[in-house]
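A short worksheet on the structure shown next.
The values are calculated or read from the model by the stated rules, or taken from the named source; none is laboratory data. Please read these numbers as outputs of a predicted model, since none were measured by experiment. Note: ideal-geometry Cβ built from the backbone for every residue, glycine included; neighbour counts use all protein chains shown. Note: areas computed on protein heavy atoms with side chains; ligands, DNA, RNA excluded. Shrake-Rupley method; radii C 1.70, N 1.55, O 1.52, S 1.80 Å.
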Amino acid sequence: MSPRRNRIDKPDGRGSGAPMGSSLRRVEEYRGEEWVVQTVAGTAGRYYRCPGCDQEIPPGVGHVVAWPDHGGVDDRRHWHRACWGARERRGSNVQRGRGAPKY
């Protein structure tokens, strides 16, 4: 039997329990205001609807979560990475009715 590996704690004190693909948060300009943008791995097991192309983002697909800097939890939107990158070059493609869910 091989010996147990010693795990070294990271400098921030999180230990080795932190996920390998931890998200990166940054601030970007969009529609004249600052937005907080976070890259996520898509491991939540939920479907999201991209506001850029109005298509679903299935579970397990990496994507971007963006919200206005002054906004809260209800203002977060999940975007495909390509749609977020092309947000200034094309308009929204929302084809749902007013009563349809935004998820």
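A few notes on this one:
- Arg76 vs. criteria without any contact (Cβ under 8 Å) to a residue 12 or more places away in the chain and of a type in the set (D, E, K, R): yes
- Output for region 1-49, where each listed residue is over 18 Å from Trp79 (Cα atoms) and modelled with pLDDT of 60 or more: Met1, Ser2, Pro3, Arg4, Arg5, Asn6, Gly32
- Only residues that are under 19 Å from Leu24 (Cβ atoms), open to solvent by 50 Å² or more (accessible area, probe 1.4 Å) and among the aliphatic types (A, V, I, L, M) were counted across region 50-85, and they come to 2.
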